[in-house]
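Student: Take a look at this one; I'll ask things after.
Every read-out reported here was derived from the displayed coordinates using simple, explicitly stated rules and does not represent laboratory data. Computed from a predicted model, the values in this text were never measured in an experiment. Reconstructed Cβ throughout: ideal geometry from the backbone, glycine too, with neighbour counts over all protein chains shown.
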Protein chains: 2
Amino acid sequence: MPDKQNHLPNLQDIATAAGVSTATVSRVLNSPADVRPALREKVEVQIRKLGYVRHGAARALASARSHTVGAVIPTLESAIFASGVNAVENRLTEAGYTLLLAVTNYDLQHEYEQVKALIERGVDGMILVGRDHDPATLIMLERQGCPYVTTWTYTADAPHPCVGFDNADAAHRITAHLLALGHTRIGVIAGITSGNDRARERIAGVKAALKSQQLNLHRKCLIEKPYEVSEGRDAFRTLMALPNDIRPTALFCGNDVLAVGAVLEAQHMGLKVPQNISIVGFDDLPLSAHMSPGLTTVHVPSRRMGEHAADYILACIGGESPDPRNKLPTDIMIRGTTARPSKT
Amino acid sequence: MPDKQNHLPNLQDIATAAGVSTATVSRVLNSPADVRPALREKVEVQIRKLGYVRHGAARALASARSHTVGAVIPTLESAIFASGVNAVENRLTEAGYTLLLAVTNYDLQHEYEQVKALIERGVDGMILVGRDHDPATLIMLERQGCPYVTTWTYTADAPHPCVGFDNADAAHRITAHLLALGHTRIGVIAGITSGNDRARERIAGVKAALKSQQLNLHRKCLIEKPYEVSEGRDAFRTLMALPNDIRPTALFCGNDVLAVGAVLEAQHMGLKVPQNISIVGFDDLPLSAHMSPGLTTVHVPSRRMGEHAADYILACIGGESPDPRNKLPTDIMIRGTTARPSKT
DNA sequence: CTTATTCTTGTAAGCGCTTACATCCTGAAT
DNA sequence: ATTCAGGATGTAAGCGCTTACAAGAATAAG
């Protein structure tokens, strides 16, 4: 039994117990190959016997490396970030790193605080979402020499390392699908664009698609809402209350949560989807494929994005200089919520 | 400008720049009230000017306090944990603490690894989900003197600090609702019970309710599935394929995700909910209230649970000995997916 | 104008670990 | 045998910070 006076065993204790120096214990912990098997075994026995657990702070202080990577995401509520984070986590764990997760609730100021807290905790790298940030956030990261990468967005001229996809292009393509079906009055229930470049880009994509057909997005047909089912429902009702000549026959929703809300409200109002109204989403949540009808949406490579982001950071930590720009493809998933407009 | 040779400013640099000792700088950082305003101001100016960021590892090492609390949850996918985690996070942030989040994917062995990683990172406290753990996990926590609390479950005889609710009782009550409507053949789509006491308790609650009416849960009417929409759909189909005399007229689902799957599959099969089949869930996800029909389910106080858990840990860290047992109430939300059985 | 008391600030000893560097072995080559 | 290379250990100097404790300054009391 270890010394009972609630003194946690430290390297020195193990060293003494095993009759070696602290350096040797440190080696069996960090580069076992450098220690002769016999000795190593003796040390490992003591480690187990005394229930030794590394003191991460001391290790970080002495080695200037915390073996920790931070990720700052907008919200935990969305399963879409969940799968990306899971992917990051798996990769990091494989490499002996721990993920520290923080949430901003789509608030850039809060993001700054979280990033600062993570830097104070000594993360060796950082994963961010999107291109919109408080400039101070990135400055701090640079100044601290903390490698970072932004995700969920890719633009050719991105000023910072990024792994993501082209939000505008994806929105453009799914809108083109709507246009090809013959819709001309398209409504948009977007996410809140302030501090959210993805939401803005998606709107831009819709507008571009419309423009290519000489169409316009009517001012009243664009609504910004937080990403919640109830908000999607509200927005849908608002849109359907518009006068006949501008009321949309098809809807682009900023993400699947809003789209699900819109579909549910439509059904609640007795409208048939897609016969009376077509609705598309963005993100392809696990639920989306299961709804009746299945939601037509943009599939986003969140898992792969997470893996790439983790690999990029790990490579940077390892002293490499990986390609700082990484564009992933998106897929348009045509399911049951889109059809030709009714001939009313 | 700070010394350009990418030497991050440290306490000593600030001290020198401000013409004071490191102790004083440390004080303006940790207990500003102890420093004369004039001096404090001078130090703060330098901190801003040099872009100083605390070195958390050094601080943790010197003070034996990391200002960090760990939370280990089964999954990120479920919005229900998300809201609890958010609550924890808010409370901790208010208190100057940072939350370190880890995920187990419902694997107790993985949970052990995560807890160990967090302890190595020096968390000052830990929040766990449920009562099922690898004994080694709790032993490590005790041995390290790391205060912890389990959530999402409460039993009068809980051997460890816990803040949660009575899963069996809640399941019992919502089953009673089904029985009161006149159902006698009740099916259960449970979560995977291995390593998940909540799933087991919920089944136990259903059985107890049945027993109180001299009814039994038919062996074939109990299916365990991972918490996924598609699994709920599969299980539902299996249950409906049962022979007439045992096919359930009402379903208890281990959580809302499974219930949503069941409802969607029912509608997909052309069955009317609740006319042809009643379905209840557990957890009351944000989506559940919005479905058509609204899902009858158990509302769980996840937000309050998170707050209580955080407060408990913070109190422990502060040297207090708060009540280690905390029972929260659940609510049965009767919505649209339950009705009397049809007279077939 | 002392002397006791209270505030401020500085001094310096670690916290537990990693890691150059020094030292000591081992065994192969001479 | 003797020498030497190379591998296996040990030694000890910090990493950046907190915090007793000491010391000095300012205030209150006598």
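Student: For every other residue with a beta carbon closer than 11 angstrom to the beta carbon of residue B:129, add +1 if it is Lys or Arg and -1 if Asp or Glu, then tell me the sum.
Tutor: Every neighbour counted, the sum reads -1.
Student: Taking the Cβ-Cβ separation of residue A:7 and residue B:36 as r and a Förster radius of 30 Å, what is the calculated FRET efficiency to the nearest 0.05?
Tutor: In this case the efficiency is close to 0.20.
Student: Points 7 angstrom from Cα along the Cβ direction at residue B:211 and residue A:160: gap in nanometres?
Tutor: Calculated label separation equals 5.8 nm.
Student: Counting pairs of Cα atoms in the protein assembly as shown, how many percent are more than 45 Å apart?
Tutor: Result: 28 percent of Cα pairs exceed 45 Å.
Student: Antiparallel DSSP bridges in the protein assembly as shown: what percent, to the nearest 5?
Tutor: DSSP beta bridges in the protein assembly as shown are roughly 10 percent antiparallel.
Student: For the stretch B:11-54, take every pair of Cα atoms, bin their distances at 5 Å starting from 0, and report each bin as a whole percent.
Tutor: All Cα pairs, binned at 5 Å, distribute as 5, 29, 40, 22, 4 percent.
Student: In whole angstrom, note down how far apart the Cα centers of the stretch B:206-251 and the stretch B:299-344 are.
Tutor: 26
Student: OK, next. Which percentage, to the nearest 5, of the DSSP beta bridges contained in chain A is antiparallel?
Tutor: Bridges in chain A are about 10 percent antiparallel.
Student: When only alpha-carbon atoms count, how far does the stretch A:23-120 stretch along each of its three principal axes, as whole angstroms with the largest first?
Tutor: 54, 26, 23
Student: Could you give, in nm with one decimal, how far residue A:31 is from each other copy of that position, shortest first, with labels 7 Å out from Cα toward Cβ?
Tutor: 4.3
Student: Taking DSSP loops as anything outside H, G, I, E and B, show the longest stretch in chain A free of trypsin sites (Lys or Arg not before Pro) there with at most 15 other beta carbons within 10 Å.
Tutor: A:66-271
Student: Going by amide H atoms built from the backbone, whose H comes under 5 Å of the H on residue B:332, apart from near neighbours?
Tutor: Counting only residues 5 or more places away or on other chains, the set is B:299.
Student: Taking a point 7 Å out from Cα toward Cβ as the label site, list the nm distances between residue B:184 and the same residue in every other copy, smallest first.
Tutor: Copy-to-copy label distances at residue B:184, shortest first: 6.3 nm.
Student: List the distances, in nm and shortest first, from the label point of residue A:45 to the matching label points in every other copy, placing each point 7 Å from Cα along the Cα-to-Cβ direction.
Tutor: 6.4
Student: Note down the net charge around residue B:258, summing +1 for each Lys or Arg and -1 for each Asp or Glu among other residues with Cβ under 12 Å from its Cβ. Don't jump to the answer; show the numbers that get you there.
Tutor: Working: positive: B:202, B:225, B:233; negative: B:224, B:228, B:231, B:234, B:256, B:265, B:283.
Neighbour charge sum, excluding residue B:258 itself: -4.
Student: Within the set of other residues whose C-beta is less than 13 Å from the C-beta of residue B:310, count the net charge using Lys and Arg as +1 and Asp and Glu as -1.
Tutor: That works out to -2.
Student: Give me the base-10 log of I(q)/I(0) for chain B at each q in 0.06, 0.09, 0.12, 0.13 Å⁻¹, Debye formula, one uniform scatterer per Cα, rounded to two decimals.
Tutor: Debye output, listed in q order: -0.31, -0.59, -0.85, -0.94.
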